[in-house]
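The values are calculated or read from the model by the stated rules, or taken from the named source; none is laboratory data. None of these values were measured; they are calculated from a predicted model. Neighbour counts are summed over all protein chains in view; Cβ atoms, including those assigned to glycine, are modelled from backbone coordinates with ideal geometry.
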Amino acid sequence: MHNYLDFEKPISDLEGKIRELKTLAGEDESVDTADEISQLEARVKDAISDIYAKLTPWQKTQVARHPRRPHFVDYVDHLIDGFSPLAGDRKFAEDEAIQAGFGRFEGQPIAIIGQEKGHDTKSRLRHNFGSARPEGYRKAIRIMELAERFDLPILTLVDTAGAYPGVGAEERGQAEAIARSTEKCLAVKVPIISVIIGEGGSGGAIAIATGNRVLMLEHAIYSVISPEGAASILWRDATRARDAATSMKITAEDLMQLGIIDAIIAEPVGGAHRDPQATISSTGAAISAALSQLSGLDGNSIRDERRQKFLKIGQEL
């Protein structure tokens, strides 16, 4: 396992020793390292369990941003059959930061929308690191309108540090596009299931996360601003992001207590990046359960329930 986070040094050291022993055994067959490797592997498991049982909000932020964490394309590949992507907002351009289209989830036709960050330098640049421009949110609106027209549930997968703040995006109405997308989420008469799979940053996230059910992976984060951005505003010092993350209540546990999300999806020990397939399977089961809860409701009831859900946030605190 590479791409170790700074707090994973004990794991890195142990796994480094395991690799050395395996290399030694491969070079000299007379050397028996099986017992020592077995002991070290047991210590690795214990270290991972101990570390991940007590992650701080800042450490969870690092896990949520891990480059090996499964992204939108991974969930679509494993959960959606016959995915047909649609491109463009029919107004200005295509924005690859937001991916959207139609497919089948467990045999049921469904619309799916989400941010894609990319896995390597080339794809990250192509997808603008998951930070959408106005045309991305206008594309999302177009997909939601089509889903409502054909009475299809909508699944949104949220993973963005925030909407793109560039000059061109602002000139083309970034704030208005985010507001319209949020408005459309509240207005459609079909179920919306939203899953925070990594980062849920600011209006760029809520624009497609205003769902009937908002689910969140155990080590994902969801906030009105990134910890670095909050630190820059509050203390004019982005290096205090750790302090901001602790104060902002951005973890799944905090948000569940505050009534912002509806369920937490457990991740494998050590985070989603250590077992992407298990994470995707657990997410699929949670999505299926959420859709089942909404089956049988008419369009007006679905829309009204969603609106009331968000109107109630903060009332009982």
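At a glance:
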read-out	value
Lone qualifier among R43, R124 - being among the charged types (D, E, K, R), within 23 Å of G271 (Cα to Cα) and within 22 Å of the chain's Cα centre (by Cα)	R124
Residue list for the stretch 182-204, restricted to those being surrounded by fewer than 23 Cβ atoms within 10 Å (Cβ to Cβ) and without any contact (Cβ under 8 Å) to a residue 40 or more places away in the chain	T182, E183
Members of the stretch 112-139 found to be out of contact with any Ser or Thr (no Cβ under 6 Å at 6 or more places or on another chain), touching a residue at least 24 places away in the same chain (Cβ under 8 Å) and assigned to a helix (DSSP H, G or I), listed by number	R126, N128, F129, P134, E135, G136, R138, K139
Counted residues, the stretch 17-29 - those being at pLDDT 85 or above and either closer than 22 Å to Q59 by Cα or surrounded by fewer than 12 Cβ atoms within 10 Å (Cβ to Cβ) (or both)	0
D151 vs. criteria in the same structural domain as T283 (by TED's automatic domain parsing), free of Cβ contacts under 8 Å to residues at least 24 places away in the same chain and not aromatic (F, W, Y)	no
Search result, residues across the stretch 140-172 that are over 21 Å from A93 (Cα atoms), under 20 Å from the mean Cα position of the chain (by Cα) and part of a loop (DSSP other than H, G, I, E, B)	P153, A161
Enumerated helices (runs of 4 or more DSSP H) restricted to the stretch 1-111, each holding at least 2 residues that are of a type in the set (S, T, Y)	9-27, 34-52
Number of positions in the stretch 251-275 that are touching a helix residue (DSSP H, G or I) at 6+ places or on another chain (Cβ under 6 Å) and not small (G, A, S)	7
